[in-house]
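Shown next, in structure tokens, is the structure this report addresses.
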Amino acid sequence: MKMKILITLFFCSLFVNAQTQKQVHPNLNGITCKTCHSCDIPTKENPCILPCPREKMVSIDQSPEDGPAVITIDKFKKQSDIYAPVVFSHRLHAEMSGMAGGCKMCHHYNPPGQVIGCSDCHELTRKRVDISKPDLKGAYHRLCMTCHRSWSGKTDCTECHQQNGAANKTQAQSLEDKSAKRVHPKIITPSTIKFDTPKASGKMVTFYHSQHIDLFGLECQSCHSNESCMKCHTKTQTASLKIKTTDQKHLLCASCHNTKTNCSSCHSDTVKEGFNHKELTGFDITKFHSKISCNICHHEKGKFTGLSKECINCHGKWTQANFQHKITGVVLDETHSALECSDCHQEKNYANPVCSNCHEDKSYPKNIPGKLVKKN
Amino acid sequence: MANYSRRDFLKTAAIAGTAVTGLSSKTKAAPKNILSEDRMGVLVDTTVCIGCRKCEWACKTAHNLETPSIDTYDNRSVFNKMRRPNDKALTVVNEYHNNDQDKFPINVKVQCMHCDHPACVSACIVGAFSKQENGSVIWDTDKCIGCRYCMVACPFQVPAFEFSKALKPDIKKCDFCFERTKEGKLPACTEICPVEAITYGRREDLVKAAHQKIKNYPNRYINRVYGEYEVGGTSWIYLANKEFEKLDFPKLGKDPAPGVSEAIQHGIFAYFVPPVALYALLGGVMWINKNKKKTENETEI
Amino acid sequence: MEEFKPTPMKKKYFTPVVIGLAVLVLNGMIFLLARFVFGIGAVTNLDNQHPWGIWIGLDVAAGVALAAGGFTTAALGHIMHKDQYHAIIRPALLTAALGYTFVAVSVMIDLGRPYFIWHPLIMWNGSSVLFEVGICVIIYLAVLYIEFLPIVCERFIGRVNLPGMLKRFNNPLEKLLRLLDKGLEKTMFIFIIAGVVLSCLHQSSLGTLMVIAGPKMHPLWQTPILPLLFLLSAISVGFPMVIFESVITSRSFGLKPETHILSNLGSMVAPLLGIYLAFKIGDMMIRGTFVYLTTISSASVMFTIELLFGVIIPLRMFMSRQIAKSPTGLLIASFLVIFGVFLNRLNNFLVAYTPPYEFYSYFPSIGEISVTVGFIALEVLLFRIAVMIFPIVSVPDMSPQRTKYSVRGGIR
């Protein structure tokens, strides 16, 4: 009997646990409890969190607008006898982090679910038992200083703080308002960058920055990770771009391009043309395939050749039943929508339809077999 | 004159012997030297320290030393030359080049290490120094006679002396804020540190935490916790990303600093047996020689 | 056989040398005054890197070593019962008593709080080497004064004559002296043996003093057998010190040096020095520290000078018969041994001491040197006064019978 109750209790607890787990972590992207917790049944009292960083960590990204605009860090009011609370322009910093590590730059080791604040993990009191992670004050300052030190080279407290007494309440309010309005200006992306390299032949590398974003669908962070403000801003005299070695320069490109062989694919003596699928292969992707990434069609990693230009190769056989003609920008009228594809499209790439099979006096694109709509 | 008898000799010798043994039983009274399992310590992570020198300010304020205004501590030109704690500043922060990467400079806070087996406690002539249960090594200024032997003994060259004072000059060193911790407060420097580069906690926990950090960030730290074993272990322990000797830490062995000295000392004074034995031996030699002389004289006559 | 009898010297006190010494004493006293008014830092070059200077390294450490003549002669004359050396015991005793007095005074002026010098007597720390040295020196100083008391008794028994108001104390004082004399007669052997034991203890512990400095001390000198080396060197400097001081006193007072006693003493120096040298070299070989001698540094140079001029050359000199017979030869050889031990203490306490963080290297200030020189000068002057008041220096005895007090302290 006793045994039974115990077993029931055990399963109940498991059930309850599974319930709360879903509430706390709604989106466990394939990570297990053991990634973060050391015990089988973590509770709120004893979460038995493993020391950071855990082996595989999930961090989530939000857009800067999703977070608060301004945070006034006044948790230490009692302790702060020297300095007034800091007004932290959260949104501005979130925007700036876009070129670096994103939200996880500060919200590190964020469990799956919503973005959590610093004080959820870092204790407010410095005199504490668990010393595996810094207290809240330490955590704040460590994060701030990693960037602010490189920015100005200074560690002056007054860079962020106002000395107590110097600022009164109205000033703090206006500071808050001011911070809320501060946003990082939109980062203007260059379209083309021409690199002069020390290479004897093939001196020039023409880099189509806009193509990498628009055509290949790369995010800023795909290349610009961990870049401090100084990459763009030169506030201090000492701030200068790091001199990179050849290997370091190639490293960024090498994640997609083969930089070991085939130098001429990037290097040439003159300005190179940008990437043009039609010119290179004869298959125009600007019409219908501009929004999909390369690997949708080119499955094999690093190999972009050997695909047939025929639509059937990827799409299978189209019939009047399974093809939404609307997608091409032309909604067929009733008579034409009943026809088989091949009645009009005789070429394998379904280009230029012929009308002469039925009509003697009509031709495309002078006459439209339906009505034109906006392509989406 | 010459009838000084053998019995007299033995009697006086016995009295002298008892007096000496009486002394020996009292000498065991040694200064407080506790090595508690729950002793506290501080983990200094030099890779976190930003060199803001707020600890210097807090230390001076807490110890009623002459303290400049807090704004003056932003001046980083003091790092141009290496500084040491002295009678006017019980802790100082120094700066070193980070030659591995062109990253931030390395800042190292210096103060008393609060050894587990302190040389100063062993050395102090009047037993003014003591190792307290909470790990701090402090001294009783009322006992101090100003001999400065603690300064000779300290392997970290920490105790400083008020050479400029003619009247009641004192030894000065970090006391781990003994008065503050007694009231349940944190040491002044660990309380003010903005980045918590100095973590206050049980020494045992700190050693574990330090090794966990090295394991988690093998590129950030060299695999060594300075003070874990140096001179038998210290209460303040350090992490760094560069060889400690290049950051002006002394190269020290694992043996406690007073070890050899105390071994010799206790060897010579093992229950006062060697001195008493020497005394007895010399007494014996004296007696034999005296008798020899007497017989010589008698035979001559 | 010619009998020697200790007699107070009768000569003019002031000579040009004495006046010169007096000037040095005065100069030292001025700096000493400054030290008490403005603090140690104002007069010395000491700082937090160099806690100890020549006041400890020379005045105390070398002072203790050079006062070793007291216990070595006591051991020879009283414990080994070699009566022929009794002539030199009293001068050696006086040197030791004066030497240790100045050691105590030097410690006092070097202490930050001289008025707390009595603290070690009631505040004990058994593991502290300095505590042991301090206690031993205090007791030994007392023992030395007790050993000296019979000389005072001999001088004043029957001759107590206080002037003026104090006249009424004449009788009690006379009685006290007689009582002391009688009591000490029976118990002196305790103090003599105690003196030797205490000397052995603190002479060796003076070496242990620097062991705790560990790596702060240059490896050429830092060794666990430092106490043994200090004891051996103290024993070997004892007789040369007596010879040196005896020859100088004889010359100063125009007496014939007791050459046969001195050369007999000298013959004992060579084996003692030899043992010291053997341990010193052996220690160097075992620890492999001779590698430091291959580079030229202040440490290696000082070590070489100390060993060559302070031990090896005088050892060779004491082994030569010709030198042993000439007072000048003995004087030079003895001086070299004294110089060697003096330098050894200086090296151990100052040259070998290399603080891990050193901003300036230490060199004694004018004030420190003045005080040290002043103390040495004062010591010489006091010695001169003492031998003129008390029966210390032995001169050929004109009266046939042996005096009661000639071999004071021995068991007869």
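Of the helices (runs of 4 or more DSSP H) entirely within the stretch A:163-235, those holding at least 2 residues that are modelled with pLDDT of 75 or more occupy A:209-214.
For the stretch B:49-57, the criterion of being part of a helix (DSSP H, G or I), touching a residue at least 40 places away in the same chain (Cβ under 8 Å), facing chain A (nearest Cβ under 10 Å) and crowded, with 19+ Cβ neighbours inside 10 Å is satisfied by at least one residue.
The listed residues are C:Leu232, C:Leu201, C:Leu228, and the only one of them that is assigned by TED's automatic domain parsing to the domain that holds C:Ala75 and either more than 18 Å from the chain's Cα centre (by Cα) or touching a residue at least 40 places away in the same chain (Cβ under 8 Å) (or both) turns out to be C:Leu201. Does B:Glu95 satisfy the condition of being part of a strand (DSSP E or B) and away from chain C (no Cβ under 13 Å)? So B:Glu95 passes the test.
Of all the criteria given as (1) in a loop (DSSP other than H, G, I, E, B); (2) within 14 Å of chain C (Cβ to nearest Cβ); (3) not small (Gly, Ala, Ser), the one not satisfied by B:Val152 is (1). Scanning the stretch C:59-75 for residues that are out of contact with any Ser or Thr (no Cβ under 6 Å at 6 or more places or on another chain) and away from chain B (no Cβ under 11 Å) gives C:Ala61, C:Ala62, C:Gly63, C:Val64, C:Ala65, C:Leu66, C:Ala67, C:Ala68, C:Gly70, C:Thr72, C:Thr73.
Checking each residue in the stretch C:219-244 for being more than 14 Å from chain B (Cβ to nearest Cβ) and surrounded by fewer than 22 Cβ atoms within 10 Å (Cβ to Cβ) picks out no residue at all. For the stretch C:44-58, taking the residues that are assigned to a helix (DSSP H, G or I) and touching a Ser or Thr at 6+ places or on another chain (Cβ under 7 Å), the one that is nearest to the other protein chains (Cβ to nearest Cβ) is identified as C:Trp55.
Restrict the check to the stretch C:102-110 and report whether at least one residue is modelled with pLDDT of 85 or more, away from chain B (no Cβ under 14 Å) and under 27 Å from B:Trp139 (Cα atoms).
Within the stretch C:102-110, one or more residues are modelled with pLDDT of 85 or more, away from chain B (no Cβ under 14 Å) and under 27 Å from B:Trp139 (Cα atoms).
Assess whether C:Gly20 counts as being under 30 Å from C:Ser246 (Cα atoms), small (Gly, Ala, Ser) and touching a Phe, Trp or Tyr at 6+ places or on another chain (Cβ under 8 Å). For C:Gly20, the condition - under 30 Å from C:Ser246 (Cα atoms), small (Gly, Ala, Ser) and touching a Phe, Trp or Tyr at 6+ places or on another chain (Cβ under 8 Å) - is not met. For C:Tyr145, the conditions (1) surrounded by 20 or more Cβ atoms within 10 Å (Cβ to Cβ); (2) farther than 30 Å from C:Val351 by Cα are fulfilled apart from (1).
May I ask you to verify whether C:Val211 is farther than 20 Å from C:Gly99 by Cβ, facing chain B (nearest Cβ under 8 Å) and either of a type outside the set (Ser, Thr, Tyr) or crowded, with 24+ Cβ neighbours inside 10 Å (or both)?
Numbers: farther than 20 Å from C:Gly99 by Cβ: yes; facing chain B (nearest Cβ under 8 Å): yes; either of a type outside the set (Ser, Thr, Tyr) or crowded, with 24+ Cβ neighbours inside 10 Å (or both): yes.
In short, yes.
Test C:Val247 against the criterion of being in the same structural domain as C:Gly329 (by TED's automatic domain parsing), crowded, with 24+ Cβ neighbours inside 10 Å and assigned to a helix (DSSP H, G or I), and give yes or no. No, not satisfied.
Can you pull out the residues in the stretch B:270-292 that are in contact (Cβ under 8 Å) with a residue 12 or more places away in the chain and within 7 Å of another protein chain (Cβ to nearest Cβ)? If the condition is that a residue be in contact (Cβ under 8 Å) with a residue 12 or more places away in the chain and within 7 Å of another protein chain (Cβ to nearest Cβ), then B:Pro275, B:Tyr279, B:Gly283 are the ones that fit. Quick one: what pairs do we get from the stretch C:358-369, first residue in contact (Cβ under 8 Å) with a residue 12 or more places away in the chain, second aromatic (Phe, Trp, Tyr) and surrounded by fewer than 14 Cβ atoms within 10 Å (Cβ to Cβ), C-beta under 9 Å, 6+ apart or different chains? Listed by first residue and then by second, the contacts come to nothing, as the list is empty. Within the stretch B:139-149, can one find any residue that is within 14 Å of chain C (Cβ to nearest Cβ), touching a helix residue (DSSP H, G or I) at 6+ places or on another chain (Cβ under 7 Å), buried (at least 23 other Cβ atoms within 10 Å of the Cβ) and part of a loop (DSSP other than H, G, I, E, B)? Within the stretch B:139-149, one or more residues are within 14 Å of chain C (Cβ to nearest Cβ), touching a helix residue (DSSP H, G or I) at 6+ places or on another chain (Cβ under 7 Å), buried (at least 23 other Cβ atoms within 10 Å of the Cβ) and part of a loop (DSSP other than H, G, I, E, B).
Within the stretch C:41-56, being touching a Pro at 6+ places or on another chain (Cβ under 9 Å), in contact (Cβ under 8 Å) with a residue 12 or more places away in the chain and under 30 Å from C:Ile235 (Cα atoms) holds for C:His50, C:Gly53, C:Ile54, C:Trp55. The condition (being surrounded by 21 or more Cβ atoms within 10 Å (Cβ to Cβ), part of a helix (DSSP H, G or I) and touching a Lys or Arg at 6+ places or on another chain (Cβ under 6 Å)) is satisfied by just one residue among C:Ala96, C:Ala75, C:Ala61, C:Ala92: C:Ala61. The listed residues are B:Gly253, B:Gly267, and the only one of them that is surrounded by fewer than 19 Cβ atoms within 10 Å (Cβ to Cβ) and assigned to a loop (DSSP other than H, G, I, E, B) turns out to be B:Gly253.
Looking at the structure I just gave you, is B:Glu179 in a helix (DSSP H, G or I), of a type in the set (D, E, K, R) and either within 26 Å of C:Ile212 (Cα to Cα) or within 8 Å of another protein chain (Cβ to nearest Cβ) (or both)? Before you say what the answer is, go through the steps one by one.
Details: in a helix (DSSP H, G or I): yes; of a type in the set (D, E, K, R): yes; either within 26 Å of C:Ile212 (Cα to Cα) or within 8 Å of another protein chain (Cβ to nearest Cβ) (or both): no.
In short, no.
Of the residues making up the stretch A:184-216, those that are within 18 Å of the chain's Cα centre (by Cα) and free of Cβ contacts under 8 Å to residues at least 60 places away in the same chain number 8.
Any idea which of B:Lys172, B:Lys182, B:Lys165 is of a type outside the set (A, V, I, L, M), buried (at least 21 other Cβ atoms within 10 Å of the Cβ) and assigned by TED's automatic domain parsing to the domain that holds B:Arg203?
Numbers: B:Lys182 fails: buried (at least 21 other Cβ atoms within 10 Å of the Cβ); B:Lys165 fails: buried (at least 21 other Cβ atoms within 10 Å of the Cβ).
Within the list B:Lys172, B:Lys182, B:Lys165, the selection yields B:Lys172.
Considering the conditions (1) surrounded by fewer than 16 Cβ atoms within 10 Å (Cβ to Cβ); (2) in a helix (DSSP H, G or I), B:Gly283 is excluded by exactly one of them, (1).
Just to be sure before I move on: is C:Met188 among the aliphatic types (A, V, I, L, M) and touching a Gly at 6+ places or on another chain (Cβ under 7 Å) in the structure I sent? Here the answer is yes, as C:Met188 does meet what is asked.
Just checking, how many residues over the stretch B:213-250 are part of a loop (DSSP other than H, G, I, E, B) and in contact with a strand residue (DSSP E or B) (Cβ under 8 Å, 6 or more places away or on another chain)? Residues flagged as part of a loop (DSSP other than H, G, I, E, B) and in contact with a strand residue (DSSP E or B) (Cβ under 8 Å, 6 or more places away or on another chain) within the stretch B:213-250 amount to 11. Per the listing C:Ser263, C:Ser252, the residue uniquely surrounded by fewer than 22 Cβ atoms within 10 Å (Cβ to Cβ), in contact with a helix residue (DSSP H, G or I) (Cβ under 6 Å, 6 or more places away or on another chain) and at pLDDT below 90 is C:Ser263.
Among C:Val17, C:Val43, which is closer than 30 Å to C:Phe363 by Cβ, modelled with pLDDT under 90 and either assigned by TED's automatic domain parsing to the domain that holds C:Asp110 or not polar (S, T, N, Q) (or both)? Can you show your working first?
On the way: C:Val43 fails: modelled with pLDDT under 90.
Checking each option against the conditions leaves just C:Val17.
Per the conditions (1) within 11 Å of another protein chain (Cβ to nearest Cβ); (2) touching a Ser or Thr at 6+ places or on another chain (Cβ under 6 Å), the sole criterion not satisfied by B:Asn241 is (1).
The values are calculated or read from the model by the stated rules, or taken from the named source; none is laboratory data. Remember, it's a predicted structure, so these values are computed and weren't measured experimentally. Here the Cβ is made from the backbone with ideal geometry for all residues, glycine too, and neighbour counts use every protein chain on show.
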